[in-house]
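The values are calculated or read from the model by the stated rules, or taken from the named source; none is laboratory data. This one's a predicted model, so the numbers in the text were calculated from it and none came from an experiment. Please note: Cβ atoms are built from the backbone with ideal geometry, for glycine as well, and neighbour counts cover all protein chains shown. SASA here: full protein model, heavy atoms, side chains in, ligands and nucleic acids out. Shrake-Rupley method; radii C 1.70, N 1.55, O 1.52, S 1.80 Å.
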Amino acid sequence: TVTHHGTVGFRQATGLKHRRLPAEPILPSFEWKEFMSAATAELGEYELDGLLRFEGHESGLLQGVVTTKLCTGRFFLQGAHVVDFQPAGEEPVLFLSSEAVYRDGKAIRGGVPICFPWFNAKKLPNGDVDQDSPAHGLVRQQPWQMLSSSKEEAGLQVVLGLFCEPYQLEYKLIFRSK
């Protein structure tokens, strides 16, 4: 089971850092490898003895990779999006579209997305669709910040944060088998 909890508050954001990666990396250039190494090194304090590591996806997006005795999983910092979850000895649980696009600023199709502060298309006061607003809210395409990670008795816990005015969001992921 991937348990996810979201809390929304209205306090000022402090200390949230994030790094946007180039939309189309040129691989395997030395500069790209150096850049990804620096970006993942910033996340090194959140890695947990082989249980949680961060790496660049071939698209250039940063992802967290979870490998425990109980399960494996993967999430992207962009959109705080869980894309893979598989309990040990079982089949994968999440659907991920074969048409999923992994690109900076583009929502990933499938997995466990966060739809906030609206679902589907945003409606204007007159009932028309707001063509300038992204489907399913503001936060699916934003880079989230790692706030904490810890090994828990029941599994591995990751807490992500995002300041998206006027909201200060925290999202807790717990990776475990049941």
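Conditions: (1) modelled with pLDDT of 80 or more; (2) under 24 Å from residue 134 (Cα atoms). Residue 105 meets all but one. Number of the miss?
All conditions are met except number (1).
Considering each of 165, 152 in turn, give the residue that is open to solvent by 60 Å² or more (accessible area, probe 1.4 Å) and closer than 20 Å to residue 73 by Cβ.
Just one listed residue meets the conditions, 152.
Can you pull out the residues in segment 66-89 that are over 21 Å from residue 142 (Cβ atoms) and within 12 Å of the chain's Cα centre (by Cα)?
none
Output yes when any residue across segment 104-111 is closer than 23 Å to residue 44 by Cα, in a loop (DSSP other than H, G, I, E, B) and touching a Lys or Arg at 6+ places or on another chain (Cβ under 8 Å), and no when none is.
yes
Specify the residue that is farthest from residue 54 (Cα to Cα); the eligible residues are those in segment 120-135 that are open to solvent by less than 40 Å² (accessible area, probe 1.4 Å) and not charged (D, E, K, R).
So, considering only residues that are open to solvent by less than 40 Å² (accessible area, probe 1.4 Å) and not charged (D, E, K, R), the one farthest from residue 54 (Cα to Cα) is 121.
Counting just the residues of segment 49-92 that are among the hydrophobic types (A, V, I, L, M, F, W, C) and touching a helix residue (DSSP H, G or I) at 6+ places or on another chain (Cβ under 9 Å), which one comes out farthest from residue 174 (Cα to Cα)?
62
From the set of residues in segment 86-102 that are among the polar types (S, T, N, Q) and open to solvent by 50 Å² or more (accessible area, probe 1.4 Å), which is modelled with the lowest pLDDT?
98
Tell me which residues, restricted to segment 153-171, are in a strand (DSSP E or B), more than 12 Å from residue 142 (Cα to Cα) and not hydrophobic (A, V, I, L, M, F, W, C).
155, 157, 167, 168, 170, 171
Run residue 142 past the list (1) open to solvent by 30 Å² or more (accessible area, probe 1.4 Å); (2) more than 17 Å from the chain's Cα centre (by Cα); (3) within 24 Å of residue 44 (Cα to Cα) and report the number of the one that doesn't hold.
That leaves (2) as the condition not met.
Tell me which of these residue 149 doesn't satisfy, since it passes every other one: (1) among the small types (Gly, Ala, Ser); (2) touching a strand residue (DSSP E or B) at 6+ places or on another chain (Cβ under 8 Å); (3) part of a loop (DSSP other than H, G, I, E, B).
Tallying (1) among the small types (Gly, Ala, Ser); (2) touching a strand residue (DSSP E or B) at 6+ places or on another chain (Cβ under 8 Å); (3) part of a loop (DSSP other than H, G, I, E, B), residue 149 fails exactly one: (3).
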